[in-house]
Amino acid sequence: MTSPWTARILTLFPQMFPGPLGLSLAGKAHEDGIWALQTVDIRDYAHDRHRMVDDTPAGGGPGMVMRPDVLAAALDANLPPAGADWPVFYLSPRGRPFDQAMARRLASAAGVTLLCGRFEGVDQRVLDARGIEELSLGDFVLSGGEPAALAVLDAVVRLLPGVIGAPETLVEESFEAGILEYPHYTRPRVWEGREVPEVLLSGHHQRIRAWRRAEAERVTRERRPDLWRAYESGEGAKTRRPADRVMD
Ligand code: SAH
C-alpha cells in the first residue's frame, strides 16, 4: 500500500498535535489512515547539557532566537523521502500568505514538513542554508507556529480524497473560483420574522444558480475589492464562477 499523505511537524510542543485535528472530519480521516502525522520534538536535537534550543539575539534586543545548529540537526534527521514531492516550510508572519491555491498544491503532494517557530523566531542562516520557504497564516503575530500549522493542515486534509463525503461541496466554496461564497440558509423557513429568500424555495435550478452567482459577486465586491479586481480581470484563482459549478 502506498503511504498516506503525511504531515511532519517540527516543534517544541509536540503535545499540541493532533489537537483539534484529532476530532471531527480530520480526526476521522486520521483514524481511517487517509493522512498521517509525525511530530518531531526539536529539543531532542539539542546537544548541550541543558538542551538549549534558543539563545539571545545577535545585535541585542528582546527575546530569544532558535539556534540554527539545533534546527538543522532536526531537519536533517527528518528529510522528506528521496524524490518525493514534499515541500518544507517555516511558518512565519514574513512568509508568503497561505491561501486555497496553496492548500490544493499541498494536498496534491506526498506530504509536507512544517517548522514551527517560537520566541522571536529562527536564525536566518538555517532558512538560507536549507532553502526553506516561509509561509504565513496572515498579517498578525502568533506566539508560535503551532496554531498556524494546525490551520494549514486543516485546510489541506479536508481536500484529500475521501475526507469529505460529497466532493461537490468543495468546488463551490469561497476562493475556489477566486471569489467568496454566496450566503446559506436552512430551516425554519421563517425565523424571527426573517424569511429564507423565496428563490431558494422555488425549486427552479437555473434561477437559484443565477441568484447564488449574483450574491457571491455582490459579497466579494463589497468585502474584498482585491479579490473582485482579480476576478473581473480574469486573474482570479479560476475563471469559472462558483455558480456555474452547481451540480444539480
Ligand atoms: N519576531 C517575529 C514573530 C515571532 S512569533 C516577527 O516579528 O516576525 C513566534 C513564532 O510564531 C514564529 O517563529 C512563527 O513560527 C510563528 N508565527 C507567528 N505569526 C505567524 C503567522 N502570522 N503565520 C505563521 N506563523 C506565525
(Q) Cβ neighbours within 10 Å, averaged per peptide: list 222-234, 180-192 in order, most packed at the top. (A) 222-234, 180-192
Q) Taking K and R as +1 and D and E as -1, what net charge do the other residues with C-beta under 13 Å from the C-beta of Leu21 add up to? A) -1
Q: Net charge near Leu201: determine it from the other residues with C-beta under 10 Å of the C-beta of Leu201, scoring Lys and Arg +1 and Asp and Glu -1.
A: -1
Q. Once you list every other residue whose beta carbon is under 11 Å from the beta carbon of Ala129, what net charge do they have if Lys and Arg are +1 and Asp and Glu are -1?
A. -2
Q: Within region 42-75, which residues have the backbone N less than 15 Å from the label spot 7 Å out from Glu120 along Cα→beta-carbon, could you tell me?
A: 54-68
Q) Under the definition of Cα pairs under 8 Å and six or more residues apart, what whole-number percent is the relative contact order of the chain? A) 19
Q) Build a GNM of the chain with springs between Cα atoms under 10 Å: which of Ala82, Ala29, Ala109 gets the top mean-square fluctuation? A) Ala82
Q. Between Glu31 and Ser143, 0.36 nm times their residue separation minus their Cα-Cα distance comes to what?
A. 37.4 nm
Q | Pairwise label distance in nanometres, Ala77 with Glu222, each label 7 Å out on the Cα-Cβ vector | A | 5.4
**Q.** Inter-site label distance for Asp154 and Asp41 at 7 Å from Cα along Cβ, in nm
**A.** 2.6
Q) How many percent of DSSP beta bridges within the chain run antiparallel, rounded to 5? A) 15
Q. Of Gly193, Gly138, Gly111, which has the largest mean-square fluctuation in a 10 Å C-alpha GNM of the chain?
A. Gly193
**Q.** By average C-beta atoms within 10 angstrom, highest first, the peptides 161-167, 145-151
**A.** 145-151, 161-167
Q. Cα gyration tensor of the chain, axes a ≥ b ≥ c as square roots of the eigenvalues: rounded (a/c below 1.5), prolate (a/b > b/c) or oblate?
A. prolate
Q. Between region 41-57 and region 103-129, what is the C-alpha centre distance in whole Å?
A. 19
Q. In degrees from 0 to 90, rounded to the nearest 10, what is the angle of the helix 146-157 Cα long axis to the longest principal axis of the chain?
A. 50
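Taken together, the values in this text are just the output of simple stated rules run on the coordinates, not laboratory data. The shown structure was predicted, so the numbers you read here are calculated from the model rather than taken from an experiment. When we count neighbours, we look across all protein chains shown, and the Cβ atoms used for this are built from the backbone with ideal geometry, even at glycine.
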